[in-house]
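Below: one structure, written as structure tokens.
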Amino acid sequence: MPDGGPLGLAGLALLLMAAGAAARPRPAAPGDQPRSNVVLVACDSLDGRLTFLPGNQTVDLPSINFMRRHGTVFLNAYTNSPICCPSRAAMWSGLFTHLTESWNNFKGLDPDYVTWMDIMEEHGYHAQKFGKLDFTSGHHSVSNRVEAWTRDVNFLLRQEGRPMVKLTGHRKQFRVMEKDWRNTDKAVNWIKEEAVNFTQPFILYLGLNLPHPYPSPYAGENFGASTFLTSPYWLEKVNYEAIKIPKWSSLSEMHPVDYYSSYTKNCTGEFTKEEVRNIRAFYYAMCAETDAMLGEIISALRDTGLLGKTIVIFTADHGELAMEHRQFYKMSMYEGSSHVPLLVMGPGLREQQQIPNVVSLVDIYPTMLDIARIPVPQNLSGYSLIPLLRGKAESEASPRGPRPSWVLSEFHGCNVNSSVYMLRTGKWKYIAYSDGSSVPPQLFDLTADPDELTNLAIKFPVTVHSLDKILRSIVNYPKVSSSVQEYNKQQFISWKQSLGHNYSSTVANLRWHQDWLKNPKKYENAIDKWL
């Protein structure tokens with residue numbers, strides 16, 4: 001591909017509008033037409049609010065806008081766990097995190113777990129996947145898992161590099177995240193050289209790492225990923241004037257868990273408005289590059305005449321706070337972290353539709369089976385999105401009864417010193433912690449307070465009680481929190497024993513080394529006391 005820009009990016013909307021809805025068959029009863037092909041593009045860390053107004057005024061996202069015009073955007077789609085591996089485990093299994101016990105980035109599904117893709121393949125679909133999967137156990141850094149295991153230890157250590165920006169390349173350089181582009185090329189070539197010849201339907205998955213921040217080697221050994229990196233080509237797609245500088249509570253007013261998160265993410269120091277604006281701008285530019293990869297897939301489907309026969313789904317494992325609530329990264333139930341993009345277009349589905357219902361990533365599994373006309377197991381946490389996409393009445397929706405009016409998200413990993421449970425229903429977001437009593441809950445009215453700056457939990461105790469009752473009917477969260485605490489302790493003991501005499505030097509040189517090495521004995525003693 002030449003250096004002038006991604007294929008069709010400049011004119012993607014015009015190019016595709018010319019083919020337009022006319023290229024797609026008119027909606028018909030599901031039994032009247034062949035089973036649709038499916039393409040799922042799942043990126044990493046894209047804030048779902050960017051996929052609808054007013055969020056997308058900050059950055060030019062033509063491929064996402066094309067999907068909005070020719071398909072459906074879900075306005076309230078959520079991750080089931082705001083961190084890579086547990087979130088993806090929920091998406092590939094259709095089950096909530098406490099059911100798969102995917103507690104952290106090290107603990108996901110078993111490698112031989114039967115996913116929706118395996119079932120579709122058994123039922124005659126050609127299946128292919130490229131790029132980032134990250135839903136099985138045993139991956140990510142040692143630092144990442146040790147930080148998760150020791151989150152109940154009575155110490156406070158910075159675990160990430162300070163968030164920063166880095167400009168690379170030149171005005172014409174659009175291939176910044178090379179690995180993602182290589183995987184996108186593979187997917188495009190597969191569509192053009194193989195999928196176009198199939199007589200049976202296909203399911204294609206493309207996993208992108210963008211717009212996840214890049215590694216920060218300056219932070220020393222076991223560095224994290226706190227660098228927002230892009231080229232001038234993508235930065236020019238960002239409207240700096242539209243970038244909102246988030247309001248922050250003072251450190252003393254922060255919720256105790258938020259303070260722990262902000263501290264471990266190295267965000268409690270001073271940041272100028274310009275620094276915050278740049279971090280957000282560079283993040284949005286990374287989202288624009290992600291959007292271009294989605295555009296390549298749509299263009300390949302159009303060029304091969306497959307667009308009218310293919311359901312295209314775009315989503316992410318979680319969002320990115322980009323300095324909202326004095327944090328970057330995810331691992332939080334705030335909207336920037338937990339709200340994911342979910343756009344769907346294809347034959348038989350409504351166009352220009354915005355769906356306000358709360359949905360979550362566990363809904364992908366039953367949706368895939370529904371598209372493939374495979375009976376959906378009754379034990380899944382998720383519900384098929386097809387009735388909503390086709391505009392059907394709730395009563396027709398599912399043999400299990402109507403879709404619940406809530407979604408559940410939970411978090412048990414690093415950078416947060418408590419298990420966290422979020423119930424999202426109506427205008428409310430309710431966040432409970434640990435055993436439900438040792439850490440104060442949070443309650444936000446997202447209609448009146450979309451930036452989640454005012455915790456109403458003390459003001460509305462009846463609402464808190466009512467939402468907590470619903471939450472406990474879904475998950476016995478004090479029991480789950482206790483199980484995670486026990487798991488963390490056992491895992492850490494096994495790891496410590498496996499190191500023998502190397503334990504002290506290994507534990508000192510994880511990502512928290514800059515703080516740890518100031519007083520190694522103090523921190524080792526804190527761990528011994530915890531054990």
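The values are calculated or read from the model by the stated rules, or taken from the named source; none is laboratory data. Small disclaimer: the values here were computed from a predicted structure and weren't measured. Counting neighbours? That spans all protein chains shown, and the Cβs are built from the backbone with ideal geometry, glycine included. To get the accessible areas, we keep the full protein, side chains included, count just its heavy atoms, and leave off ligands, DNA and RNA. Shrake-Rupley method; radii C 1.70, N 1.55, O 1.52, S 1.80 Å.
Just the accessible area per residue of the chain, please: how many Å² with a 1.4 Å probe? Display every interim value, and only then the final one.
Values: 20590 Å² over 531 residues.
Solvent-accessible surface per residue comes out at 39 Å².
Would you mind computing, in nm to one decimal, how far apart the modelled labels at R373 and S504 are, each placed 7 Å from Cα along Cα→Cβ?
Calculated label separation equals 6.9 nm.
State, to one decimal in nm, how far the label point of Q173 lies from the label point of K273, with both points 7 Å from Cα in the Cβ direction.
3.1 nm
Out of N502, I64, V176, whose Cα points farthest toward the positive end of the dipole of the chain (charges: +1 Lys, Arg; -1 Asp, Glu; placed on Cβ)?
Selected residue: I64.
If each DSSP helix of 4+ residues adds -39,500 (n - 2.57) and the sum is divided by the residues in the chain, what number results at 222 nm, nearest 500 deg cm²/dmol? The partial results should precede the final answer.
On the way: 18 runs with 180 residues, N = 531.
Estimated from H runs of four or more residues: -10000 deg cm²/dmol.
What is the projected area of the convex hull of the Cα atoms of segment 37-530, averaged over all directions, in nm²? Don't skip to the answer; put the middle values down first.
Details: hull surface 90.7 nm².
Mean shadow area of the hull around the Cα atoms is 22.7 nm².
For an R0 of 25 angstrom, estimate the FRET efficiency from the Cβ-Cβ distance between Q33 and E122 and round to the nearest 0.05.
Details: r = 22 Å, r/R0 = 0.87.
Efficiency, from the Cβ-Cβ distance: 0.70.
Averaging sequence separations of C-alpha pairs under 8 Å and six or more residues apart, then dividing by the length of segment 316-423, give the relative contact order as a whole percent. Don't jump to the answer; show the numbers that get you there.
Details: 132 pairs, mean separation 22.0, N = 108.
So the answer I get is 20 percent.
Over segment 37-530, with every protein chain in place, what whole percent of the accessible area is carbon and sulfur at 1.4 Å, could you tell me?
Values: 9240 of 18290 Å².
Using a 1.4 Å probe with all protein chains present, segment 37-530 comes out at 51 percent carbon and sulfur.
For the chain, what is the relative contact order in percent, using Cα pairs closer than 8 Å and at least 6 residues apart in sequence?
Numbers: 1077 pairs, mean separation 133.0, N = 531.
Relative contact order, the chain: 25 percent.
Compute the length gained on full extension between S250 and W495: take 0.36 nm times their separation in residues and subtract their Cα-Cα distance, giving the result in nm to one decimal. Can you show the working numbers first?
Working: separation 245, 0.36 × 245 = 88.20 nm, distance 3.77 nm.
Stretched out fully, the S250 to W495 stretch lengthens by 84.4 nm.
Please get the size of the charge dipole for the chain, origin at its Cα centre, with Cβ charges of +1 on Lys and Arg and -1 on Asp and Glu, quoted in debye to the nearest 20. Let's see the in-between values first.
Values: 53 positive and 52 negative charges, 64 e Å.
The dipole of the chain has a size of about 300 debye.
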